[in-house]
Amino acid sequence: MAYEELPRVKIGVQGLDKALNGGLPSGNIVLISGGAGTGKSTFALQYIINGATLFGERGLYISTEQNKEELYRQAACFKWPLLELEQKNLLKVVYFDVMQGDSFIEKMNALVMSFEPKRMVIDSLTTLTDALMVSSMTDEKGFSMVQIADTVSPVPRTDQIMTKSILYKLFKEIKKFKVTTVMTSELPEDGKTLSADGVSEFIADGVITLKSMTVGDSNSRNLELKKMRYTPVEGGLKSYEITASGITLE
Ligand SMILES: Nc1ncnc2c1ncn2[C@@H]1O[C@H](COP(=O)(O)OP(=O)(O)OP(=O)(O)O)[C@@H](O)[C@H]1O
Ligand SMILES: [Mg+2]
């Protein structure tokens, strides 16, 4: 199929959908990678809110960092009607406590099956994979994936192999849903990789980096479409701002 005919899921941020030639290719898993405070959660929340308000598309937001109350507070900063959209069943916000030791994949599967979202967010992939690594080391039921990886693969359990196994399994599960997914990730300062684990940028269908630099007494922010499978994209750095209405592109 020619890229012009590909179904798209619009982010709803002017300039960004245009740079993507119409929006995210439907079904893609996209990493939003950036340092602390660059606006990853704002971007992810805006993607879900816009989906519901502008396009009537149901969105599921799974947070491993901020609880529901904190997310309501963040949405209120931008006057986004989170509660109202939840009541209309267009949006669902779920806090997943990584310290509880529950199976993330089981929970995600159950949520997607019952809610049937068109869009999904996992904020953040970094916290989730870190926690899955820890629980796999302590051999709790929290993580059954590494046990699967162990039986399949005879190679020693190094950290890197474990991280890869966790990520492959997670991405494979998400791909199965055909839900266009945004996952946030920490962007290491050394610039060597595009995610904290150094693997997910290769497995993801797309990577958008968010960077912030201090210039005088303000922040200069720019984003880059590093990778987006199945569509050509505009290259280069694009300035963005975080304003009272969320992320905006100049
Ligand atoms: N109304 C607003 N106008 C301008 N900037 C704002 C506004 N509301 C929040 N911000 C800025 O947005 C940033 C927070 O964004 P966000 O929480 O999305 O970042 P993040 O990348 O998810 O951070 P973390 O790494 O801590 O998870 C803050 O630095 C804050 O100053
Ligand atoms: Mg955040």
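Observations on the model:
- Here D190 fulfils each of the conditions (1) without any contact (Cβ under 8 Å) to a residue 40 or more places away in the chain; (2) under 20 Å from L128 (Cα atoms) apart from (2).
A quick yes/no check of all residues on (1) aliphatic (A, V, I, L, M); (2) out of contact with any helix residue (DSSP H, G or I) (no Cβ under 9 Å at 6 or more places or on another chain); (3) crowded, with 16+ Cβ neighbours inside 10 Å:
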| site | (1), (2), (3) |
| --- | --- |
| Q100 | no, yes, no |
| V112 | yes, no, yes |
| L132 | yes, no, yes |
| S136 | no, no, yes |
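- Restricting the range 84-129 to residues that are within 16 Å of ligand 1 (Cβ to nearest atom) and assigned to a helix (DSSP H, G or I), the residue that is farthest from S200 (Cα to Cα) is V98.
- Within the range 1-21, tally of residues that are in a loop (DSSP other than H, G, I, E, B), in contact with a helix residue (DSSP H, G or I) (Cβ under 8 Å, 6 or more places away or on another chain) and in contact (Cβ under 8 Å) with a residue 40 or more places away in the chain: 4
- When N89 is tested against (1) closer than 30 Å to G236 by Cβ; (2) touching a Lys or Arg at 6+ places or on another chain (Cβ under 8 Å), just one condition goes unmet, and that condition is (1).
- Under the condition of being outside any strand (DSSP E or B) and either more than 11 Å from ligand 1 (Cβ to nearest atom) or within 19 Å of the chain's Cα centre (by Cα) (or both), the residues counted in the range 204-250 number 13.
- Residue selected from the range 23-43 under the condition within 16 Å of ligand 1 (Cβ to nearest atom) and of a type in the set (V, I, T), by the criterion farthest from the chain's Cα centre (by Cα): T38
- The range 30-54 - residue that is of a type in the set (G, A, S) and more than 23 Å from L167 (Cα to Cα) and, of those, modelled with the lowest pLDDT: G37
The values are calculated or read from the model by the stated rules, or taken from the named source; none is laboratory data. The structure presented is a predicted model; accordingly, all values stated were derived computationally and were not measured. Quick reminder, even Gly has a Cβ in these numbers, built from the backbone with ideal geometry, and neighbours come from all protein chains shown.
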